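The values are calculated or read from the model by the stated rules, or taken from the named source; none is laboratory data. All values reported here derive from a predicted model rather than from experimental measurement. We place every Cβ from the backbone using ideal geometry, glycine too, and count neighbours over all the protein chains shown.
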Amino acid sequence: MLQRNPLSGQRPQWQDALRDAVRSPAELLELLGLPRTLLDAYPRAAQSFPLRVPRAYVARMRRHDPDDPLLRQVLPLAAEDDDSAGYGPDPVGDLAALTAPGVLHKYRGRALLVTTGACGVHCRYCFRRHFPYGDANPAVDQWRPALAYIATDTTISEVILSGGDPLSLPDARLAELIEQLAALPHVRRLRLHTRLPIVLPERVDDGLCAWLAATPLQKVVVVHANHANEIDSATAAALGRLRGCGATLLNQSVLLRGVNDAVASLAELSEALFAAGVLPYYLHLLDKVGGAAHFDVTETEAVRLVAELRARLPGYLVPRLVREIAGEASKRPIM
Ligand SMILES: *Cc1c(COP(=O)(O)O)cnc(C)c1O
Ligand code: SF4
């Protein structure tokens, strides 16, 4: 694919692809050859967190299958409007952990920067679907308070760029931020938590590789795939390019009912990730965010699934089953 020169002032191709994402549920169903009756009970919840899915991701869904595991992750369903006890807007205590505008500092040595509220895809189970990004980061265009916080706390050796999806920001902004982080002597590692290389592989272009390869920080990219069908040849190529820029690649998934709650699908995911140069890192139990209760898999079921996975795969292909509990010193290992 021809890349436009990042210095020419033209918009890179991935930004067009991002803008061109499918936002109309009727169009999505039409692309997949599914009946419009699936929209009869479209949830109110989709008004504040609307459908959004890149065309490259839609292309990996099976046509005529309302239960497709990729479709289930993005199509708003009536069940989102159900009130479920124990499900709320801030399931992991993010608001209490905001230590400076845009900084979540929950764990020793690692500070997480909420760089943007924007994502390439809207995942219906997302634990930050109700997060007030505007309040957390009032001036998204300036990192000064966040950088000042990280500069003062010399115990922070790793900075995690998260969001939203940090790679939805333009490369020039990211390059500037990373240069400022790299100038802090106690910061050694840069970690990106991003789903864009999976859902929009065009994002991994020359512009991204330029700043990623150039930074002296050690680089970890944690991608987010939940199902083997998410990894097609374009995605695998994008992941290969990221490794080529010097990043260690890990994956985190969420255990989701109707998406990957079977040992065969978890095993296929681990195999597909490894074939693309990515090690499985975490398998998260669902965070109890309002609107996502229909995705929940019980802890008992999860433990059984991971035990079966362990009996099938080499240890390095078995992700750690974890749950995030507000106020704890790390993610809680379940298995
Ligand atoms: C999950 C998380 C991290 C990273 O935790 P690891 O166990 O190192 O992957 C860091 N900060 C916050 C706020 C998190 O939620
Ligand atoms: S890409 Fe990540 S942050 Fe964005 S909606 Fe999906 S799960 Fe949430």
Exercise for the section: Could you list, in sequence order, all residues of segment 313-335 that are surrounded by fewer than 14 Cβ atoms within 10 Å (Cβ to Cβ) and either touching a Pro at 6+ places or on another chain (Cβ under 7 Å) or more than 30 Å from residue 97 (Cα to Cα) (or both)? Expected result: 314, 315, 316
Handout entry: strands (runs of 3 or more DSSP E) fully within segment 186-263 counting 3 or more residues that are within 22 Å of residue 111 (Cα to Cα), in contact (Cβ under 8 Å) with a residue 40 or more places away in the chain and within 14 Å of ligand 2 (Cβ to nearest atom)
Key = 247-254
Fill in the blank from the handout: Listed by range, strands (runs of 3 or more DSSP E) wholly within segment 58-174 having at least 2 residues that are within 19 Å of the chain's Cα centre (by Cα), surrounded by 16 or more Cβ atoms within 10 Å (Cβ to Cβ) and within 12 Å of ligand 1 (Cβ to nearest atom) are 103-107, 110-114, 158-162
Problem - Residue satisfying all of: in segment 161-185; farther than 28 Å from residue 254 by Cβ and among the small types (Gly, Ala, Ser); farthest from ligand 2 (Cβ to nearest atom) among these - result: 183
Handout entry: Single residue of 58, 22, 74 found to be more than 22 Å from residue 254 (Cα to Cα), among the aliphatic types (A, V, I, L, M) and within 16 Å of ligand 2 (Cβ to nearest atom)
Key = 22
Practice task
Output the number of residues of segment 73-87 satisfying the condition of being over 14 Å from residue 39 (Cα atoms) and modelled with pLDDT of 95 or more.
Solution key: 1
Practice task
Answer yes or no: is there a residue in segment 269-291 that is among the hydroxyl-bearing types (Ser, Thr, Tyr), under 16 Å from the mean Cα position of the chain (by Cα) and within 16 Å of ligand 1 (Cβ to nearest atom).
Solution key: yes
Handout entry: Positions within segment 292-331 being closer than 16 Å to residue 260 by Cα and within 16 Å of ligand 1 (Cβ to nearest atom), in sequence order
Key = 319, 320, 321, 322
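Which count do you get for residues in segment 175-184 that are touching a residue at least 24 places away in the same chain (Cβ under 8 Å) and not in a helix (DSSP H, G or I)? Steps first, answer last, please.
First pass over segment 175-184, keeping only residues touching a residue at least 24 places away in the same chain (Cβ under 8 Å): 175, 177-182, 184.
Going one step further and asking which of them are not in a helix (DSSP H, G or I), we end up with 184.
Here the count works out to 1.
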Exercise for the section: Answer yes or no: is there a residue in segment 185-205 that is over 22 Å from residue 280 (Cβ atoms), surrounded by 20 or more Cβ atoms within 10 Å (Cβ to Cβ) and under 21 Å from the mean Cα position of the chain (by Cα). Expected result: yes
Exercise for the section: Determine if segment 254-263 includes at least one residue that is under 22 Å from residue 333 (Cα atoms) and surrounded by fewer than 16 Cβ atoms within 10 Å (Cβ to Cβ). Expected result: yes
Fill in the blank from the handout: Being part of a loop (DSSP other than H, G, I, E, B), crowded, with 17+ Cβ neighbours inside 10 Å, β-branched (Val, Ile, Thr) and without any contact (Cβ under 8 Å) to a residue 60 or more places away in the chain narrows 297, 306 down to just 297
